[in-house]
C-alpha cells in the first residue's frame, strides 16, 4: 500500500568528535523514504534547488521511491543543515541552517499522492502540515513529526494540527517542551489529551515510548557499538514504523507495536554510518534478522 | 536460599524540585535488603552509630531480614548523605556526605554469613570488598557495585576485585568512566574484559544493559509517572535481581535475564515515594503483577 511522505530534502554537514562529512544527502523526507522503502512503496514530496544532482533522484528511484513530487525550484538552493554531535553521540548542536527553497515551499499533492492511504507529515510548520492534510483526501492514517521551533512560535496551529492527525511522533525534549512537564510518562499522556490518537516519544539511544488511550509502553533502542552519525535516526524510525504499517495495511494496537519495533531496528542501522551509507548496504532480510534478534532480546 | 549483603546504612536528606525529606532511612544495604526480602531471606552486614533507632532494626527484622550483622559502633554516628535532584529527576548532586562510622568499618562475617551462597557487595572501597570476598568462603555467586570515587582513587584494587567476582553492577556514568568510553555498548564489553563474568549497567530512567561473553541486551525501565525520589532505585534493582536469583538458587543466562526484569520492576516501585515508603506498602503479589505487565509490555 503506497505511503506518502512530505518533508525536507537536505544537504547535511555533520561533525562528530572523530569525523566529519560535508554536503551529504539528508533531510526528513529522504531518511524517511529510504527507511520505509524496505517495507512498502513510497511517494515523496519535497523541494530542492538547482544544485540538486540528478544522481540522488536516480538513487531514490532505484529504491522504488516515487520522486515525481520532488520539485526543483528554478534559481533556488537546496536546504542546508550543519550540526555537531557531543561526545555522547546522542546530543547535538545546530551550527548553521539555510532554509533556502524550504522557506517558501508550499507542497502540492498530485492525484497519485492524494490516493495514498498512509501519510507522514515530516517536520514542517504546522500551517504547512495542515495544508497538506487538507489535500490528502484519502489518508486513513496520518502521522506527523514536529520540532521545538513550532512548539515555541506556532503553538496554536500545532494545537489545531493535533486535533486532526492520528499520531504524533516527536523527541523527548520536544515532548517535555510541548507538555511543559519533565516526566515523559506524564508528558505523553498530556500530549495525547491534545488530540492525537497516539503519541510516540523518541528518546534517541534510549528508545521510544508509545501512548494511546488504552496502552503505554517503552521500547529500548537496539544496542549498537558502532554509532558514527545519529543524523536521520528519528526519520528512519518513523520510516520503518510507517513503512511496516503501510505494508500490512493495518494500524491496530498490535500492528503499531510491531511497527515501533521495525522503526527501532531500522534506525539502529542508520546510526552505524553517515548519511544513507549504512542503509544503502542493507536489504530487507538484514532488517528482518535484526528484528528477530530484537524480539529475542526483549523476551524472558 | 539466604542472600548476604554487605553495604551502607544511612540517614538520607533528599531534596527534589517539589519536596524534601530529612534523616530518612537509606543506604545501599537497606534498600538492597528490603527489595530482596520480597524474594528470599536476607542477611545484612553494616554499621550504624548510637543515633540509630531500634525501630528501624525491628522494621527490617519484620521483613525477614537478619540484622545480626548490623553493628552499632559505640560513640559513633550513622553515615549521612544529603542530595538534590535536578528537575529531570534522573540526575542529582551530592551536597553533603558524612561517612561517620563507615570511615573505619571493617565488616566481619559470622558463621551464618559465611554460609551464604549468594553475596552482594554494596558500594564500598574495593579494598573492603576484597576483604569481605575473602571471608565469604561459600559464596557461589558474587556480585559487586562500585562508584566513581573508587574508579578514580583505587583503580588497581578495583581491577583486582573485578578478577575475583562474578558480576559487576554499576551506573552508566561509572561505566563510561571505568571503560573510558562514551559508548555504553563498547564500555560494557570493555569492563567484561576486566574480569567479571557479567556486567550490568544501570541507566536510571532509561533501564539497564546486560553483558556476558555470549549475550548483550537492554531492558527499559518500567515507566511510571509518579517519580517522587529515585534514591535507592539502583540498590533496589540489585536487591530484586539478587533476591530472585537466590530464591531460585540458579544464575544461568535465563535466570539472570528474569532477575534483571525483577530488579527493574522492584526499582520502579522504590522511586514512587521517598525512602522505603513505597516498598513498605508492597507485597509480593504486587511485584509479580507489575512483572507480568512488564513482560507483556515487551512482547510484540
Considering residues that are part of a helix (DSSP H, G or I) and either on the phi > 0 side of the Ramachandran plot or in contact with a strand residue (DSSP E or B) (Cβ under 9 Å, 6 or more places away or on another chain) (or both), the number found within the range B:276-300 is 3
(Q) Could you go through the range A:289-300 and let me know if any residue there is away from every other protein chain (no Cβ under 14 Å) and at pLDDT 95 or above. (A) yes
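Can you tell me which residues in the range A:79-89 are buried (at least 17 other Cβ atoms within 10 Å of the Cβ) and at pLDDT below 95? If you could, list the steps in order and put the result at the bottom.
Taking the range A:79-89 and keeping what is buried (at least 17 other Cβ atoms within 10 Å of the Cβ), we get A:79-83, A:85, A:89.
The answer is A:89, and nothing else.
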Within the range B:30-57, residues under 15 Å from residue B:4 (Cα atoms), part of a helix (DSSP H, G or I) and in contact with a strand residue (DSSP E or B) (Cβ under 6 Å, 6 or more places away or on another chain) come out as B:32, B:33, B:36
### Query
For residue B:204, are the conditions met, namely being in contact (Cβ under 8 Å) with a residue 40 or more places away in the chain and on the phi > 0 side of the Ramachandran plot?
yes
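Is there a residue being outside any helix (DSSP H, G or I), over 18 Å from the mean Cα position of the chain (by Cα) and closer than 17 Å to residue A:98 by Cβ anywhere in the range A:2-12? Let's see the steps before the verdict.
Here is the first cut: in the range A:2-12, the residues outside any helix (DSSP H, G or I) are A:2-12.
Then keep just the ones that are over 18 Å from the mean Cα position of the chain (by Cα); that gives none.
Within the range A:2-12 (the criterion being outside any helix (DSSP H, G or I), over 18 Å from the mean Cα position of the chain (by Cα) and closer than 17 Å to residue A:98 by Cβ), the answer is no, since none of the residues qualifies.
The values are calculated or read from the model by the stated rules, or taken from the named source; none is laboratory data. Treat the numbers as computed from the prediction; the structure is a model and nothing was measured. Quick reminder, even Gly has a Cβ in these numbers, built from the backbone with ideal geometry, and neighbours come from all protein chains shown.
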